[in-house]
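Nothing in this text is a laboratory measurement; each read-out follows from the coordinates by a stated rule. Remember, it's a predicted structure, so these values are computed and weren't measured experimentally. For neighbour counting, all protein chains shown are included, and Cβ atoms are generated from backbone atoms with ideal geometry for every residue, glycine included.
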Amino acid sequence: MRPGLVIFDCDGVLVDSEPISISVLLEVFGEAGVAIDEQAAYARFLGRSMSSIGETLSAEWGVAMTAAHLEAIRARLYERFRAELKPVAHVADALDAISSRRCVASSSKPERIRLSLEVTGLLERLAPHLYSSTMVEHGKPAPDLFLHAAREMGSGPEECVVIEDSPAGIEAAKRAGMRVFAFTGGSHAGPSGLAATVAALRPDVTFGDMRLLPGLLAGAKPGRRAFAS
C-alpha cells in the first residue's frame with residue numbers, strides 16, 4: 001500500500017535546523033530577561049509556529065513576544081541558516097528514491113521554508129508544493145495544515161503518510177486521520193529526549209535513518225507499527 005501522498009515536515013526532517021532554531025530562541029529570550037533552559041525549550045516549542053510559541057511564552061512565562069523579538073529571531077536565524085544549515089543526512093537520496101507524490105507542510109513561514117530548502121539543495125526536489133501554517137487558522141498540533149496540504153494536492157487523508165519529528169506534528173497527523181512516520185535521526189533527538197516522547201505517541205513507524213524511508217513507505221499499511229534504526 002504505497003501512499004498516494006507523502007507529506008514532509010521541514011525542520012528536523014528535511015533540514016537539520018532545530019538546534020540552530022532553539023539556540024536563537026534562547027538567545028533572544030535571554031536578552032529579554034526570560035530564562036528558559038534547553039530541555040524546556042525543546043519540550044514547549046519543538047515543531048510549533050511562532051504564533052504558538054508566543055502564546056506559550058505568554059501563558060507560562062508571562063512575557064509578550066513583541067515585533068522586535070520576532071524581527072531579531074528572524075534576522076539571526078536566517079543569517080545562521082545561510083552559514084550553517086545542512087540537510088538531514090541521506091534525505092536527498094531518499095527523496096530521489098520515493099515514487100509517491102510529495103509535499104512539505106511546515107509550521108514555518110513560506111520564506112523560511114524556501115530559504116531552508118534552497119541553502120540545503122532540496123528546493124528543486126519539493127517545490128512548488130510547499131505549505132505553511134500561515135495558510136491555515138490553527139497550526140500544529142491542530143490538523144488544519146496537513147488537511148490543507150492534502151486538499152491542495154488532491155489526496156484524501158487515508159492516502160497520506162506524514163513524516164514528522166515533533167510531538168505537535170505527530171499529534172496533528174493523527175488528528176488529520178493520516179498515517180505518521182516519526183523520524184528520530186535529527187541532531188536534536190538526543191537533547192530533546194525525542195525517542196521517549198515519540199514512543200508515547202505511538203506513531204505507525206519510528207525510524208532514525210533516512211536511507212530506510214523508501215522501503216518503509218513501500219510497505220506502509222494502516223495500523224502497522226515498526227521500529228527501524
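You can think of it this way: the chain between A199 and R101 has 32.5 nm of extra reach, that is 0.36 nm per residue less the Cα-Cα gap. In a DSSP loop and with at most 11 other Cβ atoms within 10 Å, there are no trypsin sites (Lys or Arg not before Pro) in the stretch 171-205.
Quick one: dipole size for the chain, taken about the Cα centre, charges +1 on Lys/Arg Cβ and -1 on Asp/Glu Cβ, in debye to the nearest 20. Mind dumping the intermediate values first?
Values: 24 positive and 28 negative charges, 145 e Å.
Its charge dipole is roughly 700 debye.
This model, with +1 at the C-beta of Lys and Arg and -1 at the C-beta of Asp and Glu, gives the stretch 6-140 a dipole about its Cα centre of some 360 debye.
Note on E38 and K86: with the Förster distance fixed at 22 Å, the Cβ-Cβ geometry gives a FRET efficiency of about 0.65.
Specify, per residue and in Å³, the volume enclosed by the convex hull of the alpha carbon atoms belonging to the chain. It would help to have the intermediate numbers written out before the result.
Details: hull volume 24.6 nm³, N = 229.
Value for the chain: 108 Å³ per residue.
Residues considered: R74, R102, R114. Largest GNM mean-square fluctuation over the chain, using C-alpha springs under 10 Å, is found at R74. Taking the chain as a Gaussian network of alpha-carbon nodes connected by springs under 10 Å, the highest mean-square fluctuation of the residues G62, G186, G47 belongs to G62.
Only aspartates and glutamates eight or more places from K86 in sequence, or on another chain, were considered; those with a Cα closer than 13 Å are D11, D16, E18, E118. Here the alpha carbons of the stretch 18-84 define both size measures, Rg and Dmax, at 11.1, 34 Å.
Placing dummy labels 7 Å off each Cα toward the beta-carbon, the span from R76 to E137 is 3.5 nm. Think of the chain as having a plus end and a minus end, set by charges on the Cβ of Lys, Arg, Asp and Glu; of P128, S192, S52, P128 sits farthest toward the positive end of this dipole.
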